[in-house]
Every structure is written in structure tokens, then in C-alpha cells.
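The structure appears right after this line, and notes come after that.
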Amino acid sequence: MTEKKEKLPLDARLLSDAIIELNIARHNVSIYPKGHHLVENSLNRAFEFFQSLFELRNEITIAVAKDMLIIDEQSLDRKNPVYREVALSFSDLNIASVTFISGLTKDEIYSFHRFLMDDIQESSKEALQESLRKYNLTHIQIAFIDYSSFGFDEGKTTGRENLWEQYMSRLLEGRLLSGDESEVINGIPPETLARLLNRVEPEPLKEEAYDRVISSYLRRSSERAFSGKDLKKIFDFIDGLRPELKKQFLSSSVKIVSKDMNAVNKALGDISADRVMEMLNVINEQKVAIPDGLKNLLDKFTKLNPDGMEALAPEDGFIADDILLSHDLMDLLGESNSKSFVPDTYQKEIESLMEFDASKAGLKTADKLGDEWSDEHVDREFNHVILELISSELPDILEDKDSEYFVELLKEQSEQFISTGQYAQALKIFIAMESLVKKEKAADIASELIKFYHSQEVISLIIDSLRIMGRNERENALSLCEHYGERIVIPLIDALIEEESQTTRRFFISLISLLGDKAFPEVIRYLDDSRWFVKRNMLFILTEMKNEKAVPNIRRCCHHENPKVSLEAVKNLLNIKDSYGIKALRKHLTSEDRDVVEKAISLSGAFKVSDAVPDLINLLGKKAIIGADFYNKIPVVKALGQIGDPRALETLRDIIGAKSFIFKSALIKLQEEIYGTLKNYPSEKVKDLMVSEKGL
């Protein structure tokens, strides 16, 4: 009974829902304390989906390959942001696979997420296993990739995106130290494994290198021989290899499978004849030698008559392309031709169908229908139906007892849409509820949902989702935030203050600045915060807003003790052409801090501040004591070149005419920089310099 249960295929929709709920639970566990209703709700839903999956089989194994999830040797949709996010959360801890076992509890799901959140300083396999042990996950088994076994050379580093290629390279070279390579690569789909091996730099390898990969990929257990499924996996893997690898791996595969002829005999019976013929053609093309035992078996398999298939046929029939045909039917097909039992009219209909060009009929093809079959599309359509029911003009379509059900259903859908970055759909529900309140329809449901959307829990969920998925859904994220208006400004600013990722901070800054007048009062209030980085972030936002009402507040920041604040304030004022910004800039040009001076020089050129030209000329005219002084003048020359003010030409001529035996190379570099900027000055003023350039 157990064996049959394990072979049942998983329901794709059920599996997708389980992964989505697992991801939602992961987010909630990372935000809220244990026992919080959002944590409990998401854990309950994930638990229920896994219980449904356990009715199909006792174990569900999810393998990981970088940013991709793999189940039953099939990779899940890489474009699905939830699948990708889950895969990356596993990959960050060097997880190769996670197996959920029947008997799984909600507490174990919670503990599993706590493990994923652990700040483990050392990423070795031993350190990860040690951290895992304290969670006592009886019904969750985790296999780790031991990157320490890759045998990296000391002093050399590699990008994480190349780790799989490095792993494959070390596997081929026999330099893996852990001995668990079969556990790591066995769940990888054949086309993915082929792609990884194709990326490995071609080097002369010994025969056992190819044998090692095939043995690892086929290995199951000491008690179980390989099956037709395993054989098909090898066929598909070899199909995807580049030509120079195909022959070597094909030769190793033939050699390894030939060691167990009984298993081959049984496995071939599970594969279509066409597929075997295709592989035989490849073997012939590559001129791979076949052992006599395997050759005899394949010869018997490929003969197209019932007698030649006795070894592969059951007693009561014949297998052709995975279909069991009785001997009577074989006799019928063998002795008759199609005209004996296919009428002429039917034959003509078949021919007309074969001649029909579907591309001219304007019909949707399967690839165009893909979006309509996706889980996200189904969820949106289901939500649309719910909203239609609630908004219906028909009397008594909803009974009072249904209200609570629809409220909870819409809450769950809203949480899911927000967590998965479907902000447009979440906003659609929000707007629909507000419309119902105005029309005084389904008021109980609508009011409860609006209260839910205004709750701190939902706003926190939105902020957390924006951190992860907001940048990929900018327009919809902005639309949702605009609808919230002032309610969401403070949470956004607080999230910006706490955020460590520079990329995410930039996204939050862009989002807040686009809220314009709705965000302006709070931005000004936070500008008075004592923390320098908060002030700077608010100045970033005000620079984007270009709101002149902020000028008095910004001026106060121009002389802040931290130059990161003061220079950003100056930049803001220069951006709106405020004269106070020019005064502050000139003061920074005379600073004793070299870094401050360099940034002020850069701002002078970027904003073409002609009032700063005398200060720049003064910097350029200072006597050079050491070689570095010449190099320090290069940014000044660039800034003056950007401004193009003729007042600088006299000083530039002096530098061009100067000579230095000690610092000759540094001086020449400065002179070359001057010649490179001459094109920005009035041409009639620099003719003599253009001539002297030719002699440099």
C-alpha cells in the first residue's frame, strides 16, 4: 500500500499552494512573534496543504539549484517570483534539498523557518548541521551542499553564481571530499545537469571522470536497481550535452548500464520504442562500442514483430510506445491495411484536418494560453468572481451567514496578493470595498475589509513585501501606496531608516518622493531627526521632490557637522538654483578636509557654478610641493572645463608652460587633462593653446 502511495503524482495546484503558503509563513515568522494571528494563520494553511500532499505520498522532496526549485526531477517555473524567492532562501544556506515527511507538525514548520532565519557565521556543512540539530526537525530532512569539498585553491575566490559550475568541475576531476555527490546531483533535471556540465571549461579528462558522473546520477540505493525512468533520465541528459561531451558520457552510460542486464531488460520495457531508436541512432552516430550482451538485447527490442519482442512483452500482449496491445489486435494490424477498415469519407476528413493551417485561424496557441492557465491567473479570476458576487445588484444573493465567510476569504486573498507582489489585485479589492461603502451595499463586509486594510498588520505586510518584490512591480506598488496616502508614509520612512540594502533604500526613496505632497510634511519632520543618515535620506527625497517650500529647512543642513549631510543639502539647493547653495559650496571649497573639497569641486563642475570659478582658480594656482599635488589638481581642471569660463585660461596657460624634472610624469598628466577640456572654452580664446597641444 505504501509503495503505491509513493508513486502517485503530486497535484500541481496543490503543490504550488503549499509552496506559496510556506513562503508567506516564512515572511510572517520573520516579522511577527510566535502566536501572532498572522503567523498562526499562515502556519495553519501551510500545514493543511502539506497534509493534503501527504495523502498522495509519504514524502515530498524539494530540491534546489541556485534560484530554481525541482520536484520529481522537474524544475518549477523560474519566472514565478515566489518559487524563485523560496529557492534563494534555501540556497543562501547551501541547502541542496528539503524533504517533508508525513507526520509533519505546525511547530516543525515554524522551527524550520526559524532555522532559515539563523545568523550562521560559518557556512560549512558541519556548522549548518549543528545549527539544524537544535531545532529537532523529526519530519523535515535537509541535505546540504558541502562547498568546502570543492577544493578551492587558497587565495582564490569565485562568484556564487559559478558555484554549481565549480561543483561539476570538481566532480569530474574527482576532487570532492564529502562523498555525497549522488545526494546532491540526483534530483537535478537532466537538461539542467547537461547545461551545467556544458559550462565547464573543456579539459582532457580520464574515462573514470565520465563514469563518476553517470554513476552518481544513476545511484539510488544498494537494494534498488535503476528503472526505465532512470534510463530515460540518462537519455535526456545526453541529448542536452554539447557534441564533444556527448560521446564520452554516452560511452560511460553504455558501460555502466551493461553491468546489470536484468535491470536493462526491465527498464527498456518502460520506454517507448521510438525513444530507444533515437538513442540507438545517437550511439551509431557517435560510434560508441556496445557490449555484446546489451547489443543482443537491443537487437531483440528493435525487431518489429511480436516474436522478436518476447523478452520484453507480457504474456497476454505486446508493449508498443507504452501501450499494451493484445495479440488479436497485433494480428489485425499485421494482416490488414488501413483501407480495409477506414471509410473514404473518414479518410478525406483526416486529410483535410492535416492540411488545415491553424495559424491563419487566429486561434490561441498553447504558449499564448499559458498565462491563462497559471495559478496567478486562476487566483485573480476567482477573486474577480467573489467581488462580482458581493457587488451584485441581485437581491438576497448573499445571506447574512455568508458575510463572515466572504470577509475571511477576501482577507486571505488580500494577504496572498500582497505577499506575492500582486499589488494591483490587492488594490482592486481595496477600491471595490470603498465603492461598496459609498453605495451602502454589503456594508458589513466592505467596512470590515476596509478596517482590515487600514490595520497596522496589513501595512506592515505591504512594507515587507515591498522590500522583496516592490522593485519588480514599481508602478503597481506606487499605485497602492498612493491610495494609502498619508497612512503609509511613516511606515515607508521607518522602513527606509532600518533598511541595510542600498538598492532597496533607493527604491524606498523613489517611492516616497513620488508620493509628493502626501509625504512632504513627514519628510520635513524627519529632517530634524538627530541621526545624520536619517537627515541625508530625507535630503535625497527632497532632491527628488524639488519642492521650494523645503528651502529654509534645507539651508539649515548646509553646515551640518557631517559632510555627507551638508554636501547633500548643498546639492539640493544647487538643483533648484538657490543662491544660498552657492555660498555654502564656496565655503566647502576652502575646507581643510580634502574629501570635502573634492566633493565640492565635483559639484561645482556638475552644476556649472560660475561663481565658484575664482575659488577653483585659487586651488589650481597653489604651488605643487609633491607629485600628488599635481594629481589633486586634475579634478579642478575637469570642473573648470565643465564650466568653460575664460577666466581660468591664464592659469591654465601657466601650467601648460611649466616644467618639472622631478615630477615630470605627474605634470604631463595634468597638462594632458587641460588639453582635453579646451574644447569647452570659446574657440577664439584657445587657438594658441590648440597649436601648442600638437607639440606636447
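The values are calculated or read from the model by the stated rules, or taken from the named source; none is laboratory data. This is a predicted model, so every value here is computed, not measured. So basically every Cβ, Gly included, is an ideal-geometry build from the backbone, and we count neighbours across all protein chains shown.
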request  = Inspect all residues belonging to segment 411-429 and state whether any of them is surrounded by fewer than 22 Cβ atoms within 10 Å (Cβ to Cβ) and farther than 27 Å from D494 by Cα.
outcome  = no
Of the residues in segment 20-61, those that are surrounded by 23 or more Cβ atoms within 10 Å (Cβ to Cβ) and of a type in the set (V, I, T) number 3
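I'd like to check which helices (runs of 4 or more DSSP H) are fully inside segment 1-74 and have at least 3 residues that are modelled with pLDDT of 85 or more.
Working: elements: 2-6, 12-31, 37-54.
Passing ranges, in order: 12-31, 37-54.
Residue-by-condition table, conditions (1) modelled with pLDDT of 95 or more; (2) among the small types (G, A, S); (3) not in a helix (DSSP H, G or I):
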{"position": "T543", "(1), (2), (3)": "no, no, no"}
{"position": "A550", "(1), (2), (3)": "no, yes, no"}
{"position": "N553", "(1), (2), (3)": "no, no, no"}
{"position": "E561", "(1), (2), (3)": "no, no, yes"}
{"position": "K571", "(1), (2), (3)": "no, no, no"}
{"position": "L574", "(1), (2), (3)": "no, no, no"}
Over segment 240-297, the set of residues basic (K, R) and farther than 22 Å from L193 by Cβ is K266, K287, K295
Considering residues that are in contact with an Asp or Glu (Cβ under 9 Å, 6 or more places away or on another chain), farther than 17 Å from D239 by Cα and surrounded by fewer than 17 Cβ atoms within 10 Å (Cβ to Cβ), the number found within segment 265-280 is 1
With the first residue restricted to segment 480-506 and required to be loosely packed, with under 14 Cβ neighbours inside 10 Å and among the β-branched types (V, I, T), and the second required to be modelled with pLDDT under 95 and not in a loop (DSSP other than H, G, I, E, B), Cβ contacts under 9 Å at 6 or more apart or on different chains are T503/R471
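Is it true that some residue in segment 660-679 is in a loop (DSSP other than H, G, I, E, B), at pLDDT 80 or above and over 18 Å from N618 (Cα atoms)? Can you show your working first?
Within segment 660-679, the first condition is being in a loop (DSSP other than H, G, I, E, B), and the residues that meet it are 660-663.
Now narrow it down to the ones that are at pLDDT 80 or above: none.
Scanning segment 660-679 turns up no residue that is in a loop (DSSP other than H, G, I, E, B), at pLDDT 80 or above and over 18 Å from N618 (Cα atoms).
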Just one listed residue, out of F430, F406, is more than 22 Å from E21 (Cβ to Cβ), assigned to a helix (DSSP H, G or I), out of contact with any strand residue (DSSP E or B) (no Cβ under 7 Å at 6 or more places or on another chain) and assigned by TED's automatic domain parsing to the domain that holds L478, and it is F430
Looking across segment 235-280 at residues that are assigned to a loop (DSSP other than H, G, I, E, B) and polar (S, T, N, Q), the single one that is nearest to E191 (Cα to Cα) is S272
Picking from E592, E598, E650, the residue that is closer than 22 Å to V686 by Cα and either of a type outside the set (V, I, T) or in a loop (DSSP other than H, G, I, E, B) (or both) would be E650
Of the candidates L218, L177, the one satisfying the condition of being modelled with pLDDT under 70 and surrounded by fewer than 16 Cβ atoms within 10 Å (Cβ to Cβ) is L177
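Quick one: would you say A87 is assigned to a strand (DSSP E or B), of a type in the set (G, A, S), touching a strand residue (DSSP E or B) at 6+ places or on another chain (Cβ under 6 Å) and surrounded by 14 or more Cβ atoms within 10 Å (Cβ to Cβ)?
Numbers: assigned to a strand (DSSP E or B): no; of a type in the set (G, A, S): yes; touching a strand residue (DSSP E or B) at 6+ places or on another chain (Cβ under 6 Å): yes; surrounded by 14 or more Cβ atoms within 10 Å (Cβ to Cβ): yes.
For A87, the condition - assigned to a strand (DSSP E or B), of a type in the set (G, A, S), touching a strand residue (DSSP E or B) at 6+ places or on another chain (Cβ under 6 Å) and surrounded by 14 or more Cβ atoms within 10 Å (Cβ to Cβ) - is not met.
Against the definition (at pLDDT 80 or above, touching a Phe, Trp or Tyr at 6+ places or on another chain (Cβ under 9 Å), under 28 Å from I582 (Cα atoms) and buried (at least 18 other Cβ atoms within 10 Å of the Cβ)), how does G641 come out, yes or no? If you could, list the steps in order and put the result at the bottom.
Numbers: at pLDDT 80 or above: yes; touching a Phe, Trp or Tyr at 6+ places or on another chain (Cβ under 9 Å): yes; under 28 Å from I582 (Cα atoms): yes; buried (at least 18 other Cβ atoms within 10 Å of the Cβ): yes.
For G641, the condition - at pLDDT 80 or above, touching a Phe, Trp or Tyr at 6+ places or on another chain (Cβ under 9 Å), under 28 Å from I582 (Cα atoms) and buried (at least 18 other Cβ atoms within 10 Å of the Cβ) - is met.
One line per residue, one yes/no per condition, for (1) hydrophobic (A, V, I, L, M, F, W, C); (2) part of a helix (DSSP H, G or I); (3) in the same structural domain as V86 (by TED's automatic domain parsing):
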{"site": "L449", "(1), (2), (3)": "yes, yes, no"}
{"site": "S465", "(1), (2), (3)": "no, yes, no"}
{"site": "M469", "(1), (2), (3)": "yes, yes, no"}
{"site": "E473", "(1), (2), (3)": "no, yes, no"}
{"site": "S510", "(1), (2), (3)": "no, yes, no"}
{"site": "S513", "(1), (2), (3)": "no, yes, no"}
{"site": "D529", "(1), (2), (3)": "no, no, no"}
{"site": "L539", "(1), (2), (3)": "yes, yes, no"}
Of the residues in segment 436-469, those that are free of Cβ contacts under 8 Å to residues at least 12 places away in the same chain and under 32 Å from the mean Cα position of the chain (by Cα) come to S455, Q456
Could we say that L15 is buried (at least 20 other Cβ atoms within 10 Å of the Cβ), within 21 Å of the chain's Cα centre (by Cα), under 29 Å from D236 (Cβ atoms) and not β-branched (V, I, T) here?
yes
